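What follows is a set of notes on a single structure, which appears directly below.
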Amino acid sequence: MPAVVLIGAQWGDEGKGKATDLLGERVQWVVRYQGGNNAGHTVVLPDGKKFALHLIPSGILTPGVTSVIGNGVVVDPGVLLEELDGLERQGVDTSGLLVSADAHLIMPYHVAIDKVTERYLGKAKIGTTGRGIGPCYQDKIARVGVRAQDLLDEKILRQKVEAALDFKNQVLVKVYNRKALDPDQVVDTVLEHGAKFASRIADTRLLLNQALERGETVLLEGSQGTLLDVDHGTYPFVTSSNPTSGGASAGSGIGPTRITTVIGILKAYTTRVGSGPFPTELHDDMGEHLRKTGGEFGVTTGRSRRTGWFDAVIARYAARVNGITDYFLTKLDVLSGLEKVPVCVGYEIDGTRVDDMPMTQTDVHHAVPVYEELPGWFEDISECRTFEELPANAQAYVRHLEEISGARMSAIGVGPGRDQTIVRHDMLG
Ligand code: GDP
Ligand code: IMO
Ligand code: MG
């Protein structure tokens, strides 16, 4: 049995949490492979209970699933404990959660540096979530990071934190005019947190590969999205990891030949949080309408999401970069009630029509969407459970998107609930 990757096809918040939850019942393992608590994945259970997961895989809500925080994830120990506490208070069994020994830890100085660098950038800021994600990945790549396994060796941990703060305190104090952090205090806090989840630290790449050998199914749950990928996204307005499907292998230790299915989660319109180009962005009442109707407010930071029409250039790009086999089109219900629904089918850049993602960021900034207008529908579709029950124009909208997006639309979301889904093709079949 295979490994299945589930990724965001746009700029995040496509509905990955709901999709993971839906598939959770048919898999044995759910793995986060990149990002950290910059993510906010919403899951609404059949009984109406709502959960917002930031660091822990959405599979934690499915009894019997083993959830794994993979080596590619950056883990804030305090946040991990808080999230575990919150889930346990709501009656969720968290005993199955494992943390890779190789996952890097977000330290208090990463959070401090994330916040001051953003402030320092002023208008040029990226609009990060301020969770220390970028600075933690910087240390990983610079080979000075602290890993989960260092919690099991106090001497190493102390050496690493002292060495890091020797330098970072100078930056915090001399460049940013902030207070220095005390290495002993940092180590003590991290050790105190670490003691509470040390038993969860495991050789997860070995366990995952053994599970695949036994014929079990592993679902790799991406966070963020294709256009926030540090290599393939709208750099520099991206996150510091690889949310695209290629990152799933590196971030979990599962070889690429094991991955047979890549599910792209695609919103029926587009949203983005933070700075950076967004060709189909709406700055008018219609943008406000999508924000309100779609409840487009960040799960992690509470910020308003920027909103715009569906962009097929992005979808085709996501299909290509990730090797998407199936799309899960979410939030189709949000488009009910519109006379016409514009869809961006290409860009015009300095007078030239282009159909694919431009090579340079300058061109992305200059891209003017070319729209086709599709007829809308007025019916409430939130109770539809088969494709045939959808109004003819909603069916035509999905079919048209399928033609121009590079992969089949195998599932359609018509509401936040698990059952508010129309399945056209078995994505795991
Ligand atoms: P994620 O980060 O990709 O997991 O997505 P978020 O949870 O940040 O944002 C998606 C939002 O849309 C959440 O509030 C979900 O409950 C909600 N949602 C997911 N699918 C649908 C859908 O098909 N229709 C509607 N109306 N809401 C949905
Ligand atoms: P989920 O998994 C949407 C955005 C931030 C910012 C940029 C860099 O819920 O889809 P970072 O803190 O990662 O250094 O910020 O990335 N961003 C997200 N936007 N959904 C997310 O996660 C995001 N995680 C980060 O807003 O623009
Ligand atoms: Mg989200």
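The values are calculated or read from the model by the stated rules, or taken from the named source; none is laboratory data. Quantities reported herein were computed from a predicted structural model and do not represent experimental measurements. Neighbour counts are summed over all protein chains in view; Cβ atoms, including those assigned to glycine, are modelled from backbone coordinates with ideal geometry. Side chains included, ligands, DNA and RNA excluded: accessible areas come from the protein's heavy atoms. Shrake-Rupley method; radii C 1.70, N 1.55, O 1.52, S 1.80 Å.
Reachable lysines from Lys125, Cα under 19 Å, same-chain residues fewer than 8 places away excluded?
Output for Lys125: Lys115.
For the chain, what is the percent of antiparallel DSSP beta bridges, rounded to the nearest 5?
Of those bridges, close to 40 percent are antiparallel.
In whole Hz, what ³J(HN,Hα) sequence does the stretch 261-275 give by Karplus (6.51, -1.76, 1.60; θ = phi - 60°), x for Gly and Pro?
For the stretch 261-275, the Karplus-derived couplings read 9, 10, 9, x, 8, 9, 7, 5, 9, 10, 9, 8, 10, x, 7 Hz, x marking Gly and Pro.
If you find the alpha carbon centre of the stretch 115-141 and of the stretch 404-420, how far apart are they in angstrom?
Cα centroid of the stretch 115-141 versus Cα centroid of the stretch 404-420: 33 Å apart.
Keeping all protein chains in the complex and leaving out DNA, RNA and ligands, what accessible area do you get for Glu389 with a 1.4 Å probe, in Å² to the nearest 10?
Accessible area of Glu389: about 100 Å².
Apply the a/c threshold of 1.5 to the C-alpha gyration tensor of the stretch 104-199 and tell me whether it is rounded, prolate or oblate.
Prolate.
Per DSSP H run of at least 4 residues, take -39500 (n - 2.57); add these up for the chain, divide by its residues and hand me the 222 nm value, nearest 500 deg cm²/dmol.
Calculated at 222 nm, the ellipticity per residue is -9500 deg cm²/dmol.
Quantify, in whole percent, the carbon and sulfur part of the accessible surface of the stretch 186-232 (1.4 Å probe; protein heavy atoms only).
For the stretch 186-232, the apolar C and S fraction of the accessible surface comes to 49 percent.
Roughly how many whole Å is it from the C-alpha centroid of the stretch 312-328 to that of the stretch 164-235?
For the stretch 312-328 versus the stretch 164-235, the Cα centre distance is 28 Å.
State, as an integer percentage, the relative contact order of the stretch 104-199 based on alpha-carbon contacts under 8 Å between residues 6 or more apart.
Rounded, it is 28 percent for the stretch 104-199.
Which shape class applies to the stretch 1-101: rounded if a/c is under 1.5, otherwise prolate when a/b exceeds b/c and oblate if not, where a ≥ b ≥ c are the square roots of the Cα gyration tensor eigenvalues?
Note, shape of the stretch 1-101 comes out rounded.
Considering Cα pairs under 8 angstrom that are at least six residues apart, work out the relative contact order of the chain and quote it in whole percent.
20 percent
Find the accessible area per residue for the chain; the probe is 1.4 Å, ligands and nucleic acids are left out, and the unit is Å².
Accessible surface, normalised per residue, equals 41 Å².
Rounded, prolate or oblate: pick one for the stretch 23-158, where a ≥ b ≥ c are the square roots of the eigenvalues of its C-alpha gyration tensor, a/c under 1.5 means rounded, and failing that, prolate if a/b is larger than b/c, else oblate.
The shape class here is oblate.
Below 8 Å, C-alpha to C-alpha, sequence gap of six or more: please give me the relative contact order for the stretch 220-368 in percent.
Contact order relative to length: 23 percent.
Report the chymotrypsin sites (Phe, Trp or Tyr not before Pro) located in the stretch 117-199 that are in a DSSP loop and have at most 15 other Cβ atoms inside 10 Å of their Cβ, or state none.
Here the chymotrypsin sites (Phe, Trp or Tyr not before Pro) that fit, given the DSSP loop and packing criteria, are Tyr176.
Out of all DSSP beta bridges with both ends in the stretch 235-361, state the antiparallel percent to the nearest 5.
Expressed as a percentage, antiparallel bridges in the stretch 235-361 total about 55.
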